Amino acid sequence: MNAPITRTLLIAMALTTFSATPAQTDQHQDPQREERLAWWQEAKFGMFIHWGLYALPAGEWKGQSYSGIGEWIMYKARIPLAEYEQLATQFNPVKFDAEAWAQLAQDAGMKYLVITSKHHDGFAMFGSQTDAFNIVDATPFKRDPMKELAAACAKRNIKFGFYYSQAQDWHAPGGAIWQGPHEDAPAWENPRWDVRQEGDFDTYFNEKAIPQVRELLSNYGPVAIIWFDTPLNVVNVERAARLVKVVRELQPNCLINGRLGGENQSDYDSEGDNAIPDLSRAGAWETPATLNDTWGFKKNDHHWKKPEDLTFKLVDIVSKGGNYLLNVGPDGEGVIPLPGCDMLRVVGRWLKVNGEAIYGAGRSPFGGEFGVFSKSKTDRHGKPLFEARRTWRCTTKPGKLYLHLFTWPTGKFELTGVKGAVTTAYLLADPQRTPLQVTQTGEKVSITLPEKAPDTIASVVAVEFQNQESQEK
Ligand code: H79
């Protein structure tokens, strides 16, 4: 593709001012939080794993297929607790291989891993003294996969963390249950579907959630992140503070994601599922995202994203200041679907060459490259539609800019709004780092490129500046 990149760029560069959405939490007020976050802000790319009993029905129940996210099957099919419990007696993922999973994360260039220790269905994927509805006590498998994974990650210096559904629990008396309305779900007058779900939320919170979080933070070595989800309206300031206290007491370095509930108590903000902000965003934030259209395994979901798209999303997110937590959904035997593995390895190979421009990199000093707000079209909220551009992105390190070119321009790449004097520029794909020809006139820089892109996904041009001052925004 040979787009008229120069013209596009100049228009893009004219639009360098924009207001980034302020972070929801006052992350920079707390020096301890800053310290806890240091490794995470370097890491940029993590593996999310959704694995639980829902991997067995895999999107189908009693001959009927359910649309949407597979880990919600118990809710969608209103499966009585006694029936859902039967899945545990069949759960025997003999092909589970913690070493292989951790190795996949490493091959993909992921620096941390977060796995569902308990999803909304209430089933603990770890050995729990609190509740017998867990993988060690209720399945023929009997192993604690979390122990094995924690060890496999530690071996590879991959930070290990747990997802824990703190509010919703469809199996414990008193656990919260999502209540509509939603385009995909009715507004249940009472969202419960089994008398065994009746109960008081504090009983669930005090007798299951808090004790299980204690177990997770006591029995698995260092836990780098505890990833809470869907606080609904039940996790208020007071309940959130009690969870925070447990986390800080047991593992002071453990990060808390942005879906705890209560105000300003998380370490970083969580964007919506699969939501990437249009523009750059200050503060620490993360986009959790799927490889296909489900988190938990579904046998009929083959709607895989392309590795080019995943690479673009990673670069896009990093250039806007965020982290990318990308999910795999292993099946009921413990196998991560092959298309997912293949794609992640493609991203990993790209990172082997270009990782310098991702890990520890700062966000773009420009902004126009992200796209423009349409003057005529509106989105579904009636606001001007953001028309994203995918031609190029920029990340930074002190004294350096990295230009990620997703569309290879003919001849020259031209940038405007550049501060400082360029000393040299080269392709990260070139092991010799042969200097490219650069001309600079004030804030205009023009870089002469070879005819052919060295990388079919994105080629990265490193641009170095005279002073070591950060080019970061
Ligand atoms: O763990 C993954 C999801 O299961 C979880 N967050 C990610 C990380 C999640 N919980 N809730 N939601 C996402 C959004 C809820 C969507 C819903 Fe629906 C819409 C619930 C009811 C209507 C989709 C359609 C699920 C059930 C019906």
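Provide a single number: the residues in the stretch 249-295 that are part of a loop (DSSP other than H, G, I, E, B) and closer than 18 Å to ASP342 by Cα.
Just the residues of the stretch 249-295 that are part of a loop (DSSP other than H, G, I, E, B), to begin with: 251-254, 257-268, 271-284, 290-295.
Next cut, closer than 18 Å to ASP342 by Cα only: 290-295.
So the answer is 6.
Only one of GLU189, GLU183, GLU207 is modelled with pLDDT of 95 or more and either surrounded by fewer than 16 Cβ atoms within 10 Å (Cβ to Cβ) or away from the ligand (no atom under 16 Å from the Cβ) (or both); which? Break it down stepwise before answering.
Numbers: GLU189 fails: modelled with pLDDT of 95 or more; GLU183 fails: modelled with pLDDT of 95 or more.
Answer to the check: GLU207.
Take GLY68 and decide whether it is crowded, with 19+ Cβ neighbours inside 10 Å and touching a residue at least 60 places away in the same chain (Cβ under 8 Å).
Details: crowded, with 19+ Cβ neighbours inside 10 Å: no; touching a residue at least 60 places away in the same chain (Cβ under 8 Å): yes.
Taking the combined requirement at face value, the residue does not satisfy it.
Being within 22 Å of the chain's Cα centre (by Cα) and more than 16 Å from the ligand (Cβ to nearest atom) is true for just one of VAL246, VAL223, VAL237. Which residue is that? Give the derivation first.
Numbers: VAL246 fails: within 22 Å of the chain's Cα centre (by Cα); VAL237 fails: within 22 Å of the chain's Cα centre (by Cα).
The unique qualifying residue is VAL223.
Could you count how many residues in the stretch 376-410 are of a type in the set (Gly, Ala, Ser) and either touching a strand residue (DSSP E or B) at 6+ places or on another chain (Cβ under 7 Å) or in contact (Cβ under 8 Å) with a residue 40 or more places away in the chain (or both)? Outline the logic, then answer.
First pass over the stretch 376-410, keeping only residues of a type in the set (Gly, Ala, Ser): 376, 382, 388, 399.
Filter once more, keeping what is either touching a strand residue (DSSP E or B) at 6+ places or on another chain (Cβ under 7 Å) or in contact (Cβ under 8 Å) with a residue 40 or more places away in the chain (or both): 388, 399.
So the answer is 2.
If we keep just the residues of the stretch 78-94 that are more than 16 Å from the ligand (Cβ to nearest atom) and assigned to a loop (DSSP other than H, G, I, E, B), which is surrounded by the fewest Cβ atoms within 10 Å (Cβ to Cβ)? Explain how you work it out, then say what you get.
Here is the first cut: in the stretch 78-94, the residues more than 16 Å from the ligand (Cβ to nearest atom) are 80-83, 85-94.
Remaining after also requiring assigned to a loop (DSSP other than H, G, I, E, B): 80, 91-94.
Details: PRO80: 15, PHE91: 21, ASN92: 17, PRO93: 20, VAL94: 10.
Checked the stretch 78-94; the qualifying residue surrounded by the fewest Cβ atoms within 10 Å (Cβ to Cβ) is VAL94.
Just give me the residues in the stretch 42-65 being under 24 Å from LEU314 (Cβ atoms) and buried (at least 16 other Cβ atoms within 10 Å of the Cβ), in sequence order. Break it down into steps so the answer makes sense when it comes.
Here is the first cut: in the stretch 42-65, the residues under 24 Å from LEU314 (Cβ atoms) are 42-51.
ALA43, LYS44, PHE45, GLY46, MET47, PHE48, ILE49, HIS50, TRP51 - these are the residues of the stretch 42-65 that are under 24 Å from LEU314 (Cβ atoms) and buried (at least 16 other Cβ atoms within 10 Å of the Cβ).
Please find, within the stretch 356-402, the residue that is nearest to LYS44 (Cα to Cα) out of those that are in a strand (DSSP E or B) and of a type in the set (A, V, I, L, M, F, W, C). It would help to see each step written out before you state the result.
Step one: of the stretch 356-402, the residues in a strand (DSSP E or B) are 362, 371-378, 384-388, 392-398, 400-402.
In the following step, the residues that additionally are of a type in the set (A, V, I, L, M, F, W, C) were identified as 372-373, 385-386, 388, 392, 394, 401.
On the way: VAL372: 25, PHE373: 27, LEU385: 28, PHE386: 25, ALA388: 22, TRP392: 19, CYS394: 15, LEU401: 17 Å.
Step by step, filter the stretch 356-402, then rank; the result is CYS394.
Within the stretch 107-143, count every residue that is surrounded by 21 or more Cβ atoms within 10 Å (Cβ to Cβ) and either touching a residue at least 24 places away in the same chain (Cβ under 8 Å) or not in a strand (DSSP E or B) (or both).
The first filter runs over the stretch 107-143 and keeps only residues surrounded by 21 or more Cβ atoms within 10 Å (Cβ to Cβ), leaving 108-126, 128, 133-135.
Then keep just the ones that are either touching a residue at least 24 places away in the same chain (Cβ under 8 Å) or not in a strand (DSSP E or B) (or both); that gives 108-126, 128, 133, 135.
Result for the stretch 107-143: 22.
So is GLN212 touching a strand residue (DSSP E or B) at 6+ places or on another chain (Cβ under 8 Å), touching a residue at least 12 places away in the same chain (Cβ under 8 Å) and farther than 16 Å from GLY262 by Cα or not? Working first, answer last.
Numbers: touching a strand residue (DSSP E or B) at 6+ places or on another chain (Cβ under 8 Å): yes; touching a residue at least 12 places away in the same chain (Cβ under 8 Å): yes; farther than 16 Å from GLY262 by Cα: yes.
Criteria met by GLN212.
Which count do you get for residues in the stretch 57-77 that are over 16 Å from ASP169 (Cβ atoms) and within 13 Å of the ligand (Cβ to nearest atom)? Let's see the steps before the verdict.
So the first thing to find is which residues in the stretch 57-77 are over 16 Å from ASP169 (Cβ atoms), and the list is 57-70, 76-77.
After this cut, where a residue has to be within 13 Å of the ligand (Cβ to nearest atom) as well, the list is 59, 66-70, 76-77.
Number of matching residues: 8.
The values are calculated or read from the model by the stated rules, or taken from the named source; none is laboratory data. What you see is a predicted model, and the numbers here were worked out from it, not measured in a lab. FYI the Cβ positions are ideal-geometry reconstructions off the backbone, even for glycines, and counts take in every protein chain you see.
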